[in-house]
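Remarks on the structure that follows.
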Amino acid sequence: MNDDFKNKPYLTPQEVAEWMMVSPVTVRGWAQKGLLQAEVTPGGHRRFRREEVERFARLWNPAGNKGPLRVLIVDDDRAVLGFLKELLGGGSYPVQVEIAENGFEAGRKVHAFTPDVVLLDLMMPGIRGTEVCRQIKQIPGHSDVRVIAMSGYLTPENEAELLAAGAEVCLAKPIDTARLLSLLGLED
């Protein structure tokens, strides 16, 4: 984000366009479709809250915002898989969810599903989450996949290992759902 925009509570369509590297017409189109919430001044001009633009930027697909946020959940606990799939798939935001019950299945699904975000458990049979994270980050064309690690055994050592492997953040289980939704840009 341009430093000039960080301290402004509202942005003009031109400023949003500069930030997102698109034309102001595209920004107006997003607003008309309801993808990017705008407020209208008494003079009839659109203004965008900075927080709303940040939320949209996290979800925006540079290929034209044609698809929903793609999330792959990797956990060997079926209850956790079901809970997270329902949480993410049941909101008012566009999310496509796939699940994998182990690290090996996760590797296949990263190639086939091409997720934007992987929610990755640390402790799984066969291969640790740190190794899965490391491998995801090494797949050509997938180094920008966001990895959010999760663990019921989150220690400072485990957290440091996950972050070193490429995880963006580590969440302790039980998952703080408000924080997770915020990290994904999905808070209502």
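The values are calculated or read from the model by the stated rules, or taken from the named source; none is laboratory data. For clarity, every value in this text was computed on a predicted model and none was experimentally measured. Methodologically, a virtual Cβ is constructed for each residue, glycine included, from the backbone with ideal geometry; neighbour enumeration extends over all protein chains shown. Note: accessible area is taken over every heavy atom of the protein model, side chains too, but ligands, DNA and RNA are not part of it. Shrake-Rupley method; radii C 1.70, N 1.55, O 1.52, S 1.80 Å.
Over the chain, what is the relative contact order in whole percent, taking alpha-carbon pairs under 8 Å and six or more residues apart?
On the way: 269 pairs, mean separation 27.6, N = 188.
Relative contact order for the chain comes out at 15 percent.
For ILE99, enumerate residues with amide H under 5 Å from its amide H, sequence gap 5+ or separate chain, H modeled in the peptide plane.
ILE73
Looking at the square roots a ≥ b ≥ c of the eigenvalues of the Cα gyration tensor of segment 114-177, which shape do they give, rounded for a/c under 1.5, prolate if a/b is larger than b/c, or oblate? Mind dumping the intermediate values first?
Values: a/c = 1.78, a/b = 1.48, b/c = 1.20.
Verdict is prolate for segment 114-177.
Hey, can you find the accessible area per residue of the chain for me, probe 1.4 Å, expressed in square angstrom? Spell out each step's value before the answer.
Numbers: 9870 Å² over 188 residues.
Using a 1.4 Å probe on heavy atoms only, each residue of the chain averages 52 Å².
Count the lysine pairs in the chain that are 8 or more places apart or on different chains: how many have C-alpha atoms under 21 angstrom apart?
Details: LYS33/LYS66; LYS66/LYS109; LYS85/LYS109; LYS85/LYS173; LYS109/LYS137.
For the chain, the number of qualifying lysine pairs is 5.
Using a 1.4 angstrom probe and counting only protein chains, how large is the accessible area of ARG49 in Å², to 10?
100 Å²
Once both axes come from the Cα atoms, what is the angle between helix 24-33 and the longest principal axis of the chain, in degrees from 0 to 90, rounded to 10?
Taking the Cα atoms of the chain, the angle to 24-33 is about 70 degrees.
Name the residues whose placed amide hydrogens come within less than 5 Å of the amide hydrogen of TYR10, ignoring near sequence neighbours (fewer than 5 apart) on the same chain.
Residues meeting the criterion, in which the H sits 1.01 Å from N, are ARG50.
Suppose each label sits 7 Å from its Cα in the direction of the beta carbon; what would the THR12-VAL25 distance come out to in nanometres?
Reported label-point gap for THR12 and VAL25 is 1.9 nm.
State the three equivalent ellipsoid semi-axes of the chain, derived from the C-alpha gyration tensor as the square roots of 5 times its eigenvalues, in descending order and whole Å.
One finds semi-axes of 34, 16, 16 Å for the chain.
How do LEU36, LEU181 stack up against each other in accessible area, from largest to smallest, with a 1.4 angstrom probe? It would help to have the intermediate numbers written out before the result.
Values: LEU36 0, LEU181 30 Å².
Of LEU36, LEU181, the descending order of accessible area is LEU181, LEU36.
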